[in-house]
Amino acid sequence: MIYKLTLNTAVDYVVFFDELVGGKIMRSRSDMFFFGGKGINVSWILYELGIRSVAMGFLAGFTGKAIEEGLSDRGIGCDFVYPENGFTRINVKIRSDRETDINGKGPDITENEYTLLLEKLDCLCDGDVLIMAGSIPPTLPDDVYENIMKRLRKKKIEFVVDAAGELMVNALKYRPFLIKPNMSELGEIFSRNLSSVSDAVEYSAKLQKMGARNVLVSMGADGALLLDEYGKQHFMPAFPGKVVNTVGSGDSMVAGFVAGYSKTADFDYALKLGSAAGSATACCEGLADMKLIYKCMEQEDYT
């Protein structure tokens, strides 16, 4: 079974303006909302690709209830902890001539609620996959991903980590199956300005020396690179479509890769499906559906 851990779930409220002028009362041209948080996005794409999974993490208040109902209505399994204080955050995404994101704080997580989550994770078994994605609420310890992997280290669980900075670096000692930094995050880890495929290869290899088994680097319009645990480089170009919205693109890539690898155990196919899922989401307002993902895979650049 595939489990996705989202510690900072969200409702993403997206508003569109022809032109945004500060200091004035304005009416949006259109608006929409999505259930968000990196792990929630992964759940959605896995569902589109026909992969069963269970979503875990924290949900609070009326926004948390809406997320759980939305996931359950799609047949996505849920096993959340429900904090008593606060509500699942609302992130405001402003789209005009520029993208502006305002991310909410989220609920306060008590020590007892954190312990309850850890106890829920104890149910994972040999052969399961645990995807840990995204930021954490400010009331949780910075080493939360590391602690979870340490707690479960005696089980044969495949860990996937998609997080920035120290959250990812601290997890490397437990040899995650896959990590997925983007180029900016990869550069930040090593305090370097990276821009080329060769840069991605060089610094992915450094992450492998630190413990990562497979490193998947999303490079936006330049495509994606996978440096696998056998030292082989795999590259896939981005789908040549118009980028509409980058939110959720990286999460879609993770979901597509995990779905592809779970079906075939083939790195090339996994990267192909992951790249198609990421590109498809970048070309639509929300998360991509199955039809658009497989349409991307059928493009000439993917054959």
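Values quoted throughout were computed directly from the atomic coordinates according to the rules given, and no laboratory measurement underlies them. Since this is a predicted model, take the numbers as computed values, not measurements. Heads up, the Cβs are rebuilt from the backbone with ideal geometry, glycines too, and the neighbour counts pull from every protein chain shown.
Lys120 sits among other residues whose Cβ lies under 12 Å from its own Cβ, and their net charge, with Lys and Arg +1 and Asp and Glu -1, is -3.
Model label sites at Met1 and Asp31, defined 7 Å from Cα along the beta-carbon direction, differ in position by 3.7 nm. Highest GNM mean-square fluctuation among Thr246, Thr88, Thr264, for the chain modelled with Cα contacts below 10 Å: Thr264.
Checking [x] 110, 40, 39; [y] 55, 47, 39; [z] 66, 38, 36 against Cα extents along the principal axes in Å calculated from these atoms, the matching label is [y]. Of the trypsin sites (Lys or Arg not before Pro) found in segment 163-212, the ones in coil according to DSSP and having at most 13 other Cβ atoms within 10 Å of their Cβ are Arg192.
Using a Förster distance of 25 angstrom, determine the FRET efficiency expected from the C-beta separation of Thr246 and Arg74, and round it to 0.05. Efficiency, rounded to the nearest 0.05: 0.60. Contact order, relative form, for the chain: 15 percent (alpha carbon pairs under 8 Å, 6 or more residues apart, mean separation divided by residue count).
Among the trypsin sites (Lys or Arg not before Pro) in segment 37-108, those located in a DSSP loop and surrounded by at most 15 other Cβ atoms within 10 Å of their own Cβ are Arg52, Arg74, Arg98, Lys105. Using the Cβ of Glu146 as centre and a radius below 11 Å, the other residues enclosed give a net charge of +1, where K and R count +1 and D and E count -1. The modelled label-to-label distance for the pair Lys150/Asp97, using points 7 Å beyond Cα in the direction of Cβ, is 5.1 nm. For segment 150-189, list residues with backbone N below 19 Å from a point placed 7 Å from the Cα of Asp142 toward its Cβ? Zone members listed by number: 150, 162-174, 185-189. Here the chain is assigned +1 on the Cβ of each Lys and Arg and -1 on the Cβ of each Asp and Glu. Its dipole about the Cα centre then comes out at about 320 debye. Once both labels are positioned 7 Å from their Cα atoms along Cα-to-Cβ, the gap between Lys173 and Val201 label points is 3.2 nm. Full extension of the chain segment joining Leu118 with Arg192 gains 23.1 nm, where the gain is 0.36 nm per residue of separation less the Cα-Cα distance.
Sites count as exposed loop sites when they are GluC sites (Glu not before Pro), lie in a DSSP loop, and have at most 15 other Cβ atoms within 10 angstrom; the longest stretch of the chain without one is 85-228.
Restricting segment 193-301 to chymotrypsin sites (Phe, Trp or Tyr not before Pro) that sit in a DSSP loop and have at most 11 other Cβ atoms within 10 Å of their own Cβ leaves Tyr230. Inter-part distance, segment 232-303 to segment 25-74, computed on C-alpha centroids, equals 20 Å.
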